[in-house]
1. For the residues M251, M1, M214, what sequence is obtained by ranking on other C-beta atoms within 10 Å, fewest first?
2. Among I310, I329, rank each residue by its count of other Cβ atoms within 10 Å, from fewest to most, as a rough exposure measure.
3. Skipping prolines and chain starts, which residues have an amide H placed within reach, meaning under 5 Å, of the one on G292, given they are 5 or more residues away or on another chain?
4. Take the residue pairs K211/K302; K92/K356; K3/K128 and return only those whose Cα atoms are more than 27 Å apart.
5. Multiplying the sequence separation of H108 and R206 by 0.36 nm and subtracting their Cα-Cα distance, what value in nm do you get?
6. Take K356 and D58, extend 7 Å from each Cα along the Cα→Cβ direction, and tell me the distance between the two endpoints in nm.
7. Between D239 and E155, what is the label-to-label distance in nm when each label sits 7 Å out along the Cα-to-Cβ direction?
8. What's the center-to-center distance, using Cα atoms, between the range 59-94 and the range 289-325 in Å?
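Computed from the coordinates by the stated procedures, all read-outs in this text should not be read as laboratory data. Remember, it's a predicted structure, so these values are computed and weren't measured experimentally. Reconstructed Cβ throughout: ideal geometry from the backbone, glycine too, with neighbour counts over all protein chains shown.
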Amino acid sequence: MVKLIWENKKNNTPKLEDIKKFHSNFFKSFEHLTHTGNTRRRTTNNSTFWMNKLFWGDNLEVLYFLLNNLKEKIDLIYIDPPFFSGTNYQIKIKENDKIYESIAYYDHWNRDLDSYLQMLYERITIFKLMLAETGLIFIHSDWHANHYIRLILDEIFGEKRFVNNIIWYYYNKYSAGKKTLPRAHDTILVYSNSNNFTFNQIRIPREKPRKQLMREMVSGVLKNVKDKDGHVKYRIVTDKKMDDVWKIPCMQPASKEWTGFPTQKHHKLLERIIQLGSNEGDLVADFFCGSGTSLIVAEKLKRRWIGCDISEYSIYLTRNRILDYQKRIQNYNPFEILTNLSETRSKIVDSGFFEKKFSITRKK
Ligand SMILES: C[S@@+](CC[C@H](N)C(=O)[O-])C[C@H]1O[C@@H](n2cnc3c(N)ncnc32)[C@H](O)[C@@H]1O
């Protein structure tokens with residue numbers, strides 16, 4: 001079997017007993033958002049019923065924490081991690097009259113591909129343990145590193161568990177390049193945990209209706225349908241089975257769904273992913289959730305969800321997007337926000353950061 005090697009590659013996953021010992025109390029709920037949509041309670045949630053969860057912290061810590069209770073319980077994992085793009089994504093924050101700048105997230109890596117791959121390797125190793133037997137994982141990336149990620153997935157999941165290499169073709173993004181063709185697609189690699197995975201075929205509208213021969217099964221053989229004069233019959237079809245090239249635009253600032261987060265993905269992309277690989281009531285997780293697109297879609301499609309991000313701006317956007325959506329549809333599905341309340345994080349929470357009204361825009 002072909003394996004990808006990099007300097008200092010190691011499988012650092014601690015033993016499950018150690019994970020239980022050191023990580024079972026690592027995260028605490030600091031906010032429960034219940035049926036009124038804004039009831040804020042600082043509490044530890046010891047209840048046994050399911051509540052959707054948004055984690056603020058490093059996803060490796062979150063994965064260790066969740067391994068205690070949710071091993072093999074997640075039905076669909078989608079991740080849209082940093083792509084090794086060599087850029088740190090900046091944002092401008094406007095709060096009343098004050099405008100300041102911050103980093104939405106880091107993707108520079110000082111050109112150190114080895115540490116980028118090691119970061120993903122450690123997390124993908126745990127994703128495999130978290131995924132249900134019938135589960136699917138969708139890993140979003142682009143030309144910077146997708147060729148390496150596929151080999152990592154082959155190693156961890158097994159090359160036989162490869163399901164699809166989805167091409168997201170975004171036709172509306174300007175891409176300069178004097179000596180390259182304009183780059184207009186991302187890649188979403190799909191792997192399963194067994195042969196018995198959830199997979200809902202989706203039909204999508206055709207660009208133009210098409211005349212198609214009518215066929216029917218006669219004694220186990222597919223035959224053309226003919227009229228009484230022996231002429232083959234046709235029908236007009238307006239939809240088709242969705243294939244692995246998805247033509248969906250990039251989010252544009254003019255869209256009403258736009259949050260200002262630099263690499264916000266289109267909700268239509270997430271709708272397809274979540275519909276394809278899960279059913280109502282299933283548990284969907286995104287451990288690099290950014291502005292929370294996947295979680296909003298999971299909420300709309302009546303899936304349970306877990307989200308995670310390391311940045312307070314992502315947690316701010318995700319929290320408030322979910323609350324706005326719930327207010328719009330008047331359905332306050334409870335969720336909780338959890339973190340490891342360090343001194344810095346306590347200060348942020350105590351300053352009322354998550355309830356503030358500010359607007360975020362991408363800094364060009
Ligand atoms: C490409 S963005 C995700 C965008 C998201 N799909 C959306 O639609 O808005 C990647 C996110 O991963 C987060 N991230 C990077 N490293 C992380 C880590 N170790 N733990 C948790 N989140 C991380 C970043 O803060 C950033 O918000």
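1. On the way: M251 23, M1 7, M214 13.
Lowest count first: M1, M214, M251.
2. Values: I310 18, I329 10.
Ordered from fewest to most neighbouring Cβ atoms within 10 Å, I310, I329 come out as I329, I310.
3. Excluding prolines and chain starts, which carry no amide H, there are no hits.
4. Details: K211/K302 36 Å; K92/K356 15 Å; K3/K128 17 Å.
Pairs exceeding the cut-off: K211/K302.
5. Roughly 31.3 nm would be gained on extension.
6. It works out to 2.6 nm between the two label points.
7. Here the answer is 4.2 nm between the modelled labels.
8. Cα centres, the range 59-94 to the range 289-325: 12 Å.
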